[in-house]
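Okay, structure first, notes after.
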Amino acid sequence: MKRREAREALFVLLYEMSFNRPEELEETLEREGEKRDLNDAYLLSSIRGIYEKRAILDDAIARNAHGWTLERLSRVTLAILRISVYEMTYTDIPYTISINEAVELAKKYDHDQAPTFINGILNAVAETNGLKKNS
């Protein structure tokens, strides 16, 4: 599975799982693994990492979503933001690629204003985390 396909599958899975209790992660992965291919290392490590670091990711999103609370964000937007903030913080994926991929997911799955909104939040996260001065 190519990285873009795996990221999209991760997004769909993360969005679907937003309707479940967090403690159901392994049960959901087992059940969904019977229906679709979840045997991608990036996908599995990312979904587990996002669940493990969710509070940290959500804090970073909330601090940079000026004037917005997490409760006001759609589940689609929040799933996209969590993936990208996780990638920027915990993987070796360049932040510019992660932001671009998040914007592309937003264009495909979210409302018309979402790509710009997501881009702004993620650029603020990159700036706050010092990623922009390292590039």
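The values are calculated or read from the model by the stated rules, or taken from the named source; none is laboratory data. All values derive from a computational prediction rather than experimental measurement. No Cβ is skipped: glycine too gets one built from the backbone with ideal geometry, and neighbour counts run over all protein chains shown.
Structure notes:
- Complete set of residues in the stretch 52-73 that are crowded, with 18+ Cβ neighbours inside 10 Å and either in contact with a Ser or Thr (Cβ under 6 Å, 6 or more places away or on another chain) or in a helix (DSSP H, G or I) (or both): LEU57, ALA60, ILE61, ASN64
Yes or no, residue by residue, for (1) at pLDDT 90 or above; (2) of a type in the set (Phe, Trp, Tyr); (3) touching a helix residue (DSSP H, G or I) at 6+ places or on another chain (Cβ under 6 Å):
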{"site": "GLU8", "(1), (2), (3)": "yes, no, no"}
{"site": "GLU30", "(1), (2), (3)": "no, no, no"}
{"site": "GLY33", "(1), (2), (3)": "no, no, no"}
{"site": "SER46", "(1), (2), (3)": "yes, no, yes"}
{"site": "ILE50", "(1), (2), (3)": "yes, no, yes"}
{"site": "ALA65", "(1), (2), (3)": "yes, no, yes"}
{"site": "SER84", "(1), (2), (3)": "yes, no, yes"}
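- Residue within the stretch 25-34 that is surrounded by fewer than 15 Cβ atoms within 10 Å (Cβ to Cβ) and farther than 15 Å from LEU13 by Cα present: no
- Every residue from the stretch 107-123 that is in a helix (DSSP H, G or I), in contact with a helix residue (DSSP H, G or I) (Cβ under 8 Å, 6 or more places away or on another chain) and either over 21 Å from ILE93 (Cβ atoms) or not basic (Lys, Arg) (or both): TYR109, ALA114, PRO115, PHE117, ILE118, ASN119, ILE121, LEU122, ASN123
- Members of the stretch 76-107 that are surrounded by 13 or more Cβ atoms within 10 Å (Cβ to Cβ) and charged (D, E, K, R): ARG82, GLU87, GLU101, GLU104
Table: residues versus (1) among the aromatic types (Phe, Trp, Tyr); (2) in contact (Cβ under 8 Å) with a residue 12 or more places away in the chain.
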site	(1), (2)
ARG4	no, yes
LEU29	no, yes
TYR42	yes, yes
SER45	no, no
ALA60	no, yes
MET88	no, yes
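- For LEU70: the one exception among (1) within 15 Å of PHE11 (Cα to Cα); (2) of a type in the set (A, V, I, L, M); (3) without any contact (Cβ under 8 Å) to a residue 24 or more places away in the chain: (1)
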